[in-house]
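*Asks:* Here it is: the structure, laid out below.
The values are calculated or read from the model by the stated rules, or taken from the named source; none is laboratory data. Just so you know, these numbers come straight off a predicted model, no measurement behind them. So basically every Cβ, Gly included, is an ideal-geometry build from the backbone, and we count neighbours across all protein chains shown.
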Amino acid sequence: MTARVPFEVLEERAAEQRRQIHESVSELRSAIRHKMDVKRNAREHLAPVAAVASVLGLAVGWSLAGIFVRD
């Protein structure tokens, strides 16, 4: 009914699967390290973050000044 697979073949398959899992985990670690690199992220996103902070600061300052200078 069922074919018997030799023990050696099963060991080889298990070893190959372990290698694949190890490679996947290594790739995942590398990708996470790349995504979480603070210096790289700061370098890449400094201008947009500074622009958004400037606009928000201007808007908050304008609205606060408007509260105190109402006619």
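*Asks:* What residue, of Val69, Val38, is loosely packed, with under 10 Cβ neighbours inside 10 Å, at pLDDT 90 or above and on the phi < 0 side of the Ramachandran plot?
*Replies:* Result: Val38 is the single residue among Val69, Val38 that is loosely packed, with under 10 Cβ neighbours inside 10 Å, at pLDDT 90 or above and on the phi < 0 side of the Ramachandran plot.
*Asks:* Still on this structure, I have one more. Which of the residues belonging to the range 1-28 are of a type in the set (S, T, N, Q) and assigned to a helix (DSSP H, G or I)?
*Replies:* Across the range 1-28, the qualifying residues are Gln17, Gln20, Ser24, Ser26.
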